[in-house]
Amino acid sequence: MEALLLRLLPLLTLLLSFLVFFYFQDSSTLNQKQCSLLPYQHYWIASKRIVTPQGVISGLVEVKEGKIASIVKEEDKDEKTKLENVIDYGEAVVMPGLIDVHAHLDDPGRSEWEGFPSGTKAAAAGGITTLVDMPLNSFPSTVSRETLELKLKAAESRIYVDVGFWGGLVPENAFNKSALEDLLNAGALGLKSFMCPSGINDFPMTNSSHIKEGLSVLAKYRRPLLVHAEKQLDPEANLGVEDGSNDARSYSTYLMTRPPSWEEAAIKDLVTLTKDTRIGAPAEGAHLHIVHLSDSSSSLDLIKEAKSGGDSLTVETCPHYLAFSAEEIRDGDTRFKCSPPIRDAVNKEKLWNALLEGDLDMLSSDHSPTTPELKRLDDGDFLKAWGGISCLQFVLPVTWSYGQKYGVTLEQIALWWSERPAKLAGQKLKGAIAIGNYADIVVWNPDVDFDLDDDYPIYIKHPGNSAYMGTKLSGKVSATFLRGNLVFKEGNHAPAACGVPILAK
Ligand SMILES: NC(=O)N[C@H]1NC(=O)NC1=O
Ligand SMILES: [Zn+2]
Ligand SMILES: [Zn+2]
């Protein structure tokens, strides 16, 4: 009996390994099916307008196992190019997926404001394939290894696009080098801090000394510090709201509470500190990134000067500063409240110029949603309403629609929304349609207009809070590929949430 068993053993082992092999192959195919609306992993995307770093070409992009395997121009195609599984998008634009380096998804802790599933579904529907989540508005704030781990847990199997995480630089950890290193070693892509109250209790503001410390730690990691650059100059300013001479429902009242001089004062401090990031200076290797610039006057001049002096400094603005102006904001319409505030039309024109001239490096959403109650749409009190624009799903069509007047090109969109953000977030295999990169791709139709009304499929949690509702936009996203998976197609998402958390190594 024993002898028989011994002789059968090799056979049994073989049988068992076959079973194991087929079981795993089957479950991965199954899983694959749920991640992608396509039945294959090796295919070609054809279009007459493919946006590459070398310009817009007509041709084909070969996708194999999640990466871009080759790019073939129409004129270089011959019989040897063996094509199978071609998806022909015709005139539609094929562009690298957008990378939003500034979004608040509020998960865990305030998922009634947004949350990973709704936020990343909105991102996929809007052509964003990667976003970097801000360390505040969720609870607790992401300011340590432990709180980053809570983020990762909350994101598990719930993200429809890739998500990276900024860690928070706050007074509590700024002078604690090992705590900051711990947070960076845990994978935070960089740090973020505020120079004014953030509106979130467990995310207090930092001063210049905290920021200096942060930069010195980041230098070693070669990761950036993102700063909300507003410095509260006269918090006691009498706005006359109490005595009724200024109406809290009027936008101009809110505008007075946060003048451009706040941005200018913060940036003055920052450009003193960024001298340390120059080659040969003590914080060489660190980088400072100013988020959501609104003031296009003195603040911008200070940034330009620092850059030309060799400081490692970049700056973003957001679509809402480019789309809207203070003059148009109606009394009580708190959907438009954000900080720094949307300023006048002259300021907006100058921001566009700075973007076109290359003085502004990139765009981000600063999607900062909340509930309708906290947005105070019922009483329209600009002073009490939550400050934050809800927009994640719409940034591509908004940039395109409002940019028409300025002759914005497809290459510029890819530069502002993909290539430069990828660099800031340290993502070498993202941000461009290039061989070897992840196949993170958006397909969209610049010529298709749509109304953002109640019939439009919107995935952000509280569409009514968005300042873009009720507008007409051009540039409709038809497909989004994430690491080769077709995760969104014509209003439908792939069944499974197959985004990956992105951690720095
Ligand atoms: N906490 C938070 O999201 N604040 C953001 N909202 C806004 O309008 N500007 C911000 O920095
Ligand atoms: Zn901010
Ligand atoms: Zn923000």
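Some notes on this structure:
- Euclidean distance of C-alpha centroids, segment 331-398 and segment 436-475, integer Å: 17 Å
- Other residues whose C-beta falls under 13 angstrom from the C-beta of G90 contribute a net charge of -2, scoring Lys and Arg +1 and Asp and Glu -1.
- With a simple spin-label model that places each label point 7 Å from the Cα along the Cα-to-Cβ direction, the separation between D449 and N201 comes to 4.9 nm.
- Applying a 4.7 Å Cβ-Cβ cutoff to the chain, the cysteines left without a disulfide-compatible partner are C196, C318, C338, C391.
- Carbon/sulfur fraction of accessible area - the chain, other protein chains in place, 1.4 Å, %: 53 percent
- Summary of the geometry: segment 403-424 and segment 246-287, compared by the centres of their Cα atoms, lie 24 Å apart.
- Under 5 Å, built H, 5+ apart or other chain: amide partners of F488: T480, A494
- Helical content of the chain, expressed as a calculated mean residue ellipticity at 222 nm, amounts to -9000 deg cm²/dmol (DSSP H runs of 4 or more residues, -39,500 (n - 2.57) each, divided by residue number, nearest 500).
- For the chain, the longest principal axis of the C-alpha atoms and the axis of helix 2-35 are separated by about 40°.
- Added length on full extension, which subtracts the Cα-Cα distance from 0.36 nm per residue, D88 to A179: 27.7 nm
- Within the chain, percent of DSSP bridges classed antiparallel, to nearest 5: 50 percent
- With a simple spin-label model that places each label point 7 Å from the Cα along the Cα-to-Cβ direction, the separation between Y40 and K212 comes to 6.1 nm.
- Heavy-atom accessible area per residue - the chain, 1.4 Å, Å²: 42 Å²
- Counted residue by residue at 0.36 nm each, then reduced by the alpha carbon distance between them, the extension gain from N492 to Q404 reaches 28.9 nm.
- Karplus-derived 3J(HN,Hα), 6.51/-1.76/1.60, for each residue of segment 48-59, Hz, glycine and proline x: 7, 9, 9, 8, 10, x, 8, x, 8, 10, 9, x
- Charge tally in the Cβ shell below 13 Å around A265, where Lys, Arg are +1 and Asp, Glu are -1, A265 excluded: -3
- Cβ-derived FRET efficiency at R0 25 Å, E328 paired with E373, nearest 0.05: 0.50
- Loop-located GluC sites (Glu not before Pro) across segment 135-241 with a Cβ neighbour count of 16 or fewer within 10 Å are E156, E236, with loop assigned by DSSP.
- Within the shell of other residues whose beta carbon sits under 13 angstrom from the beta carbon of S339, the net charge comes to 0, with Lys and Arg scored +1 and Asp and Glu -1.
- Acute angle (nearest 10 degrees) that the helix 298-308 long axis makes with the longest principal axis of the chain, alpha-carbon atoms: 50 degrees
- Amide proton proximity set for S193, modelled H, under 5 Å, gap of 5+: L169, L226, V227, H228
- Cα-projected label distance for A345 with E172, points at 7 Å along beta-carbon direction, nm: 4.7 nm
- Measuring between their Cα centroids, segment 186-203 and segment 32-78 lie 38 Å from each other.
- Ordered from largest to smallest accessible area (heavy atoms of protein chains, 1.4 Å probe), the residues S252, S193 come out as S252, S193.
- Across the chain, C-alpha contacts under 8 Å between residues 6 or more apart give a mean separation that, scaled by the residue count, equals a relative contact order of 21 percent.
- Nearest 10 degrees, 0 to 90: helix 345-357 Cα axis against the chain principal axis: 40 degrees
- Rounded if a/c under 1.5, otherwise prolate or oblate - the chain, Cα gyration tensor axes: prolate
The values are calculated or read from the model by the stated rules, or taken from the named source; none is laboratory data. If you're wondering where the values come from, they're calculated on a predicted model, not measured in any experiment. With ideal geometry, Cβ positions are generated from the backbone for all residues, glycine too; neighbour counts draw on all protein chains shown. Ligands, DNA and RNA are stripped out before the accessible areas are found, and what is left, the full protein with its side chains, is counted by its heavy atoms. Shrake-Rupley method; radii C 1.70, N 1.55, O 1.52, S 1.80 Å.
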